[in-house]
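*Asks:* One structure, pasted below without further comment.
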Amino acid sequence: MLKTIVRHAFIALAVISASHAQAQQFPTKPVRLVVGFAAGGSTDKLARVLALRMTELLGQPVVVENRPGAAGNIAAETVATSPPDGYTIFMATLSSQAINPHLYSKLRFDPVKSFEPITLVAKYPLLLVVPPQLQLNNVQDLVAYAKSNPGKTFYASSGSGSPSHLAGEIFKAATATDVQHVPY
């Protein structure tokens, strides 16, 4: 009889202890969605749409926090040094995760080890466009124009080291043209 009482007491103790070990609800406070670029750009706009939907799904505010500078490195470092509790999410880009490690010798984060990928949110196409008054109808026309105007043909990008900048430099090398980079 005493064995049975002791056994039931241990079972009751285990059940009571287990109730305290249940997983905490998530989220219980606002979530930060950190963007490495200024407000108003394409990554910011996408993050704001995503944050609205996440707020609806999670029942907690998802706040977009812009940390522009150093081609996304400031934002990446902010997230990499935040507690790994799920309350700080990084809107990573090709620049911060794949390009910057080759451009900056001393990053304070590891693009592979400092983050856990969640999902691919979007793919951004790069377009080659010219003003209609140039009357260029194809890439061959553009190359001919650039070769006949060395140093006077410009291409814009979202910044040095960005995918659009690298695409422009690849175009320049592949076509042997003297086109000039204008970062925005």
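The values are calculated or read from the model by the stated rules, or taken from the named source; none is laboratory data. Just so it is clear, the structure is predicted and the values come from calculations on it, not from any experiment. Cβ coordinates were reconstructed from backbone atoms using ideal geometry, including for glycine residues, and neighbour counts include every protein chain displayed.
*Asks:* Which residue, of Thr88, Thr55, is surrounded by 12 or more Cβ atoms within 10 Å (Cβ to Cβ) and closer than 14 Å to Val34 by Cβ?
*Replies:* Step by step, each of Thr88, Thr55 is checked, and only Thr88 is surrounded by 12 or more Cβ atoms within 10 Å (Cβ to Cβ) and closer than 14 Å to Val34 by Cβ.
*Asks:* Taking the range 58-85 as the search range and keeping residues that are surrounded by 17 or more Cβ atoms within 10 Å (Cβ to Cβ) and in contact with a strand residue (DSSP E or B) (Cβ under 7 Å, 6 or more places away or on another chain), which one is farthest from Lys123 (Cα to Cα)?
*Replies:* The extreme case among them is Thr78.
*Asks:* Out of (1) at pLDDT below 95; (2) over 12 Å from the mean Cα position of the chain (by Cα); (3) within 26 Å of Ala167 (Cβ to Cβ), the odd one out for Gln135 is which?
*Replies:* (1)
*Asks:* Name the pairs: first residue in the range 104-125 and in the same structural domain as Leu46 (by TED's automatic domain parsing) and exposed (fewer than 12 other Cβ atoms within 10 Å of the Cβ), second residue at pLDDT below 95 and β-branched (Val, Ile, Thr), Cβ to Cβ under 8 Å, at least 6 apart or on different chains?
*Replies:* Hits for this filter: zero, empty list.
*Asks:* Pairs under 8 Å by beta carbon, first residue modelled with pLDDT of 95 or more in the range 143-164, partner acidic (Asp, Glu), six or more apart or different chains?
*Replies:* Here the result reads Ala146/Asp178; Pro150/Asp178; Gly151/Asp178; Thr153/Asp178, each pair linking the range 143-164 to a residue that is acidic (Asp, Glu).
*Asks:* Same structure, new question: Step by step: first the residues of the range 73-99, then only those that are hydroxyl-bearing (Ser, Thr, Tyr) and modelled with pLDDT of 95 or more, then the one that is farthest from Ser158 (Cα to Cα). Which residue is that?
*Replies:* The qualifying residue farthest from Ser158 (Cα to Cα) is Tyr87.
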